[in-house]
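Each remark here refers to the structure printed beneath this line.
The values are calculated or read from the model by the stated rules, or taken from the named source; none is laboratory data. Everything numeric in this text was worked out from a predicted model, so none of it was measured. Here the Cβ positions follow ideal geometry from the backbone for every residue, glycine too, while neighbour counts run over all protein chains shown. Ligands, DNA and RNA are stripped out before the accessible areas are found, and what is left, the full protein with its side chains, is counted by its heavy atoms. Shrake-Rupley method; radii C 1.70, N 1.55, O 1.52, S 1.80 Å.
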Amino acid sequence: MSGVKVDTLRDLFVALAEIRSPSGEERAIADFVHTYVTESGLVALEDGTAISSASAGNLVIRVPGRGLGIPLALCAHLDTVPLAHAPRVTVEDGVVRSDGSTILGADDKAAVAALLALLRDAVANPPDADVEILLTTGEEVGLRGAKAFDLATLRARVVFVFDSAGPPGSVIVGAPTHKLVTAAFRGIAAHAGMAPEDGRSAILAAARAIAHLRLGRIDDETTTNVGLINGGEATNIVPRDCLVHAEARSRDDAKVAAEVTRMIEAFTLAATETGIDVDIEVVDQYQSYRHAPDSLPVRLAEAAAAEAGLDFSPYSGNGGSDANVFNARGLPALTLGVGFERVHSPAECMRLDRLTQVYDLAHALVRTAGATRS
């Protein structure tokens, strides 16, 4: 382990976890980072991309190197999924948990803690290559902070995004394209008891469409889902409106396009058969990426994992991260395992041995980048 003591790393993570920071409400944790970075002798630059008036922008902290190697950025996100109150954190038998009434927020504050600890080490022992720490906002609500971030402000040639439940040493070398499909059915309202024949049910149209969709796992790299349905006013009214929210994702762009086309056709046909209207919107959430084994980010990650004594485990996933945004804009990026468990649930936890491994891996990445010439 490089520099920091395990107790110091633990306490930093607990302090971060105890700050409530759901997406759109990252101000308090951003202020914590500002204070921590200033006390370390550095400056956290905050951009103007706050996703709500009470929130914060993305943060970038730079540590100049000695002009050697390949400049790199290490990334984590500040926000969490929704929670009612700040987590009450416990540490027992080397495992950090909440009290069970909220999530813990190890996704992604375990990574934030490791990167902030690395910053202080880098001040005491400047790295060979330039290092930038990028802490994004709004990741849990569609990668909004990363999408709004101006990549031209970074000097890095490669980005490592610490944001996966896989163990430290695991690397997501391929991730999917993700598209959202929303169908707004609009029929005719009528009294369900006295004149149902005068109505046209939007819910009936939606149900017919959904019954003809291919949902779930289509193949090993493609999935579809209908996750939300909203419609109707009362049981005695033929429903005029029904809104269906669906998604399709695949690591093969042609496959995700085909599934979206099937959804559009099913929604359109059901509306026609029931005599109502439908408006369909397709939104690109993020674009797929795939890195070859000999690509720069994979080579750096493999060498760093070996130096940190971790098992290097590359795989293709079916979720998205800020890495999807960076890759789509031409900046090579990989998602790395942090090792948090049962994320987005009150049972979420983080083992301290994995937290120290993330910290060690971050250090190894910095050293590896500093020693790499091309």
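Based on the Cβ-Cβ distance of A195 and V282, what FRET efficiency does E = 1/(1 + (r/R0)^6) give at R0 = 35 Å, to the nearest 0.05? With R0 = 35 Å, the Cβ-Cβ based efficiency is 0.45. For the range 13-84, relative contact order (Cα pairs under 8 Å, six or more residues apart, normalised by length) works out to 35 percent. Couplings for the range 35-51, taken from phi via the Karplus curve 6.51 cos²θ - 1.76 cosθ + 1.60 with θ = phi - 60°, read 5, 4, 5, 4, 5, 7, x, 10, 10, 9, 8, 10, 7, x, 9, 3, 8 Hz in order; Gly and Pro are left as x. Taking amide hydrogens as placed 1.01 Å from N in the peptide plane, the amide H of G231 sits under 5 Å from those of L243, each at least 5 positions away in sequence or on another chain.
For the pair R186 and I237, the difference between a 0.36 nm per residue extended length and the Cα-Cα distance amounts to 17.0 nm. The label point for A347 and the one for L215, both projected 7 Å from the Cα toward the Cβ, are 2.4 nm apart.
Mind running the shape call on the range 304-374? Use the C-alpha gyration tensor, a ≥ b ≥ c as the square roots of the eigenvalues: rounded below 1.5 for a/c, prolate if a/b tops b/c, oblate otherwise. It comes out oblate by the Cα gyration axes. Since only I103, A124, T356 are under comparison, the one whose Cα sits farthest along the positive direction of the charge dipole of the chain, derived from C-beta charges on Lys, Arg, Asp and Glu, is A124. Label separation (A306 vs R290): 2.6 nm, computed from points 7 Å beyond Cα along the C-beta direction.
An ellipsoid equivalent to the range 1-110, defined through the eigenvalues of its Cα gyration tensor, has semi-axes of 25, 20, 11 Å when rounded to whole angstrom and sorted largest first.
Cβ-Cβ distance of E92 and T38, R₀ of 35 Å, FRET efficiency by 1/(1 + (r/R0)^6): the value works out to about 0.60.
DSSP bridge analysis restricted to the chain gives an antiparallel fraction near 75%, rounded to the nearest 5.
Excluding same-chain neighbours fewer than eight residues apart, the aspartates and glutamates reachable from K5 by a Cα-Cα span under 13 Å are D121, D353, D360. Considering helices alone, the calculated mean residue ellipticity of the chain at 222 nm is -10000 deg cm²/dmol, with DSSP H runs of length four and up weighted by -39500 (n - 2.57) and normalised per residue. How far is helix 106-124 tilted, in degrees, relative to the longest principal axis of the Cα atoms in the chain, given as a value from 0 to 90 rounded to the nearest 10? So the helix axis and the longest Cα principal axis differ by about 20 degrees. Mean separation of Cα pairs under 8 Å and 6 or more residues apart, divided by the residue count, gives the chain a relative contact order of 24 percent.
Surface composition of the range 162-259: carbon plus sulfur atoms hold 55% of the accessible area, using a 1.4 angstrom probe and ignoring ligands, DNA and RNA.
Taken along the Cα-to-beta-carbon direction at a fixed 7 Å, the label points for L151 and A371 span 2.9 nm.
When both the range 234-251 and the range 22-57 are represented by their alpha-carbon centers, they are found 37 Å apart. Accessible area per residue for the chain is 42 Å², calculated with a 1.4 Å probe on protein heavy atoms, without ligands, DNA or RNA.
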